[in-house]
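The values are calculated or read from the model by the stated rules, or taken from the named source; none is laboratory data. Computed from a predicted model, the values in this text were never measured in an experiment. Neighbour counts run over all protein chains shown; Cβ positions are idealised from the backbone, glycine included. Calculation scope for accessible area: heavy atoms of the full protein, side chains included, ligands and nucleic acids excluded. Shrake-Rupley method; radii C 1.70, N 1.55, O 1.52, S 1.80 Å.
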Amino acid sequence: MVAKAMYAQATNLETDMIETAETRAPAIRVTDLDIEIASDHGSFPVVSEMNLSVAAGETLCIVGESGCGKSMTALSLMQLLPEAARVTAGSIEIDGTDFRKLPRRTVEDWRGEKIAMIFQEPLTALNPVLTVGEQIIEAVRQHRKCSRKAAFARVVEVLKLVQMPDPERRAKQYPHELSGGMRQRAMIALAIACDPKIIVADEPTTALDVTIQAQILGLISELQKRLGTAQILITHDLGVVAEVADKVIVMYAGRRVEEASVYDLFDRPLHPYTRGLLGAMPRAKTVARADGRLTDIPGTVPPLFDLPKGCAFASRCPNASERCRAERPPFEEKAPGHWAACWEHDDAA
Ligand SMILES: Nc1ncnc2c1ncn2[C@@H]1O[C@H](COP(=O)(O)OP(=O)(O)OP(=O)(O)O)[C@@H](O)[C@H]1O
Ligand code: SF4
Ligand SMILES: [Mg+2]
């Protein structure tokens, strides 16, 4: 637990590691992205002013309570938003090109080849009427000119990479014939089959039991290091964040409320919401939670279609002031590389 953060503290490696990540060109850069949903309440923003960038070999974790817009963000990066949702502003740059401005055909080509997604529930991504092997062959042949035989060799290769037992046999099976853990491995194999530069993983293990979860997360992390992909990992599990993240975005009610390197976030959380998630200090207590999930914070997230005028966290924040209720705090760099949206630090200054 918090292995990465604790190791860095002990060895004082933070600065070097952050500089390395920052100097690499981003594989994906999202700028000022807004997403709206059309509903019975009219259209309302579900994600606002989202900015992120991830370099090759880097892992960004996005955390936050249910409904805060993590999956909408993830789906928008793939241009796979549900019908009711749409991006109303911003850009998603992949390899220096705005993915949103590409023709539909190119978008389909880029999915899988440049950016791929690992979903929470493999059955939503796998086709039930095709064998695992056929699905991977289809994906490979969509992107590369190669024979079925060469594509099948790639199937076996990626199934081996995801440590699928008996890969030749599993390739000929249908998704429903596999266990949950094997299905998840098959989906990861499908995602990496065309060597994407960017992987977006949305709660990739929550549907699995705890021991399998650890295996699959270990696998994703190992593959990411080995293949050097840029990874965006959405998770509820702060133990996982501490283990695999280079940097972290904390979202609340559709917005970023804090962003920092994993070391700074665990060491010096600036936003009261992040402190709530971390379960307050001492750290040992936080990391000792048996289920590794976010600490419960009293109160509920206000509905996105009816957000208050000021800080969206004010109704749950122990430090809320009149100013917090009247004005929304801007998302600002409070310390080098450490951003937060909170008046507390201005008021304390
Ligand atoms: N298909 C949809 N149609 C309409 N509204 C949706 C749809 N999917 C999600 N929403 C709404 O969009 C908002 C953001 O949802 P999102 O799925 O991004 O949250 P999340 O942070 O991924 O939550 P969780 O941790 O539960 O997965 C929520 O208020 C949700 O109710
Ligand atoms: S702006 Fe105010 S209400 Fe919002 S998190 Fe900061 S202190 Fe709390
Ligand atoms: Mg989600």
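A few comments on the model shown:
- Any pair with Cβ under 7 angstrom, 6 or more apart, that starts in region 61-78 at a residue that is among the charged types (D, E, K, R) and ends at one that is open to solvent by less than 10 Å² (accessible area, probe 1.4 Å) and away from ligand 2 (no atom under 16 Å from the Cβ): Lys70/Ile62; Lys70/Ile234
- Checking each residue in region 312-349 for being more than 24 Å from the chain's Cα centre (by Cα), touching a residue at least 24 places away in the same chain (Cβ under 8 Å), under 16 Å from Arg275 (Cα atoms) and open to solvent by less than 90 Å² (accessible area, probe 1.4 Å) picks out Arg316, Cys317, Asn319, Trp343, Glu344, His345.
- As a summary of the residue check, Leu81 satisfies the conditions (1) out of contact with any strand residue (DSSP E or B) (no Cβ under 6 Å at 6 or more places or on another chain); (2) under 26 Å from Leu161 (Cβ atoms) except for the one numbered (2).
- Here Glu58 passes the criteria (1) away from ligand 1 (no atom under 11 Å from the Cβ); (2) of a type in the set (Asp, Glu); (3) within 19 Å of Ala253 (Cα to Cα) except the one numbered (3).
- Enumeration of residues in region 107-144 that are open to solvent by less than 10 Å² (accessible area, probe 1.4 Å), part of a helix (DSSP H, G or I) and of a type outside the set (Val, Ile, Thr): Pro122, Gly133
- Lone qualifier among Glu108, Glu83, Glu113, Glu65 - being among the charged types (D, E, K, R) and within 16 Å of ligand 2 (Cβ to nearest atom): Glu65
- Single condition Asp306 does not satisfy, out of (1) loosely packed, with under 14 Cβ neighbours inside 10 Å; (2) within 16 Å of ligand 1 (Cβ to nearest atom); (3) without any contact (Cβ under 8 Å) to a residue 24 or more places away in the chain: (3)
- Of the residues making up region 120-138, those that are within 23 Å of the chain's Cα centre (by Cα) and in contact (Cβ under 8 Å) with a residue 12 or more places away in the chain are Gln120, Glu121, Pro122, Leu123, Ala125, Leu126.
- Any chance Thr286 is within 16 Å of Thr235 (Cβ to Cβ), modelled with pLDDT under 90 and either open to solvent by 70 Å² or more (accessible area, probe 1.4 Å) or assigned to a helix (DSSP H, G or I) (or both): yes
- Matching entry among Thr229, Thr206 (being surrounded by fewer than 21 Cβ atoms within 10 Å (Cβ to Cβ) and in contact (Cβ under 8 Å) with a residue 60 or more places away in the chain): Thr206
- Cβ pairs under 8 Å, 6+ apart, first in region 108-119 and of a type in the set (Val, Ile, Thr), second open to solvent by 50 Å² or more (accessible area, probe 1.4 Å): Ile115/Lys197
- Filter result (touching a Gly at 6+ places or on another chain (Cβ under 8 Å) and surrounded by fewer than 16 Cβ atoms within 10 Å (Cβ to Cβ)) within region 146-172: Lys172
- Extreme residue, nearest to ligand 2 (Cβ to nearest atom), among residues of region 241-276 that are touching a helix residue (DSSP H, G or I) at 6+ places or on another chain (Cβ under 6 Å) and of a type in the set (Val, Ile, Thr): Val257
- Qualifying residue in region 174-192 (condition: farther than 22 Å from Val129 by Cβ and either without any contact (Cβ under 8 Å) to a residue 24 or more places away in the chain or not in a helix (DSSP H, G or I) (or both)): no
- Scoring Pro175 on the criteria (1) out of contact with any strand residue (DSSP E or B) (no Cβ under 8 Å at 6 or more places or on another chain); (2) under 28 Å from Ser53 (Cα atoms) leaves a single failure, condition (2).
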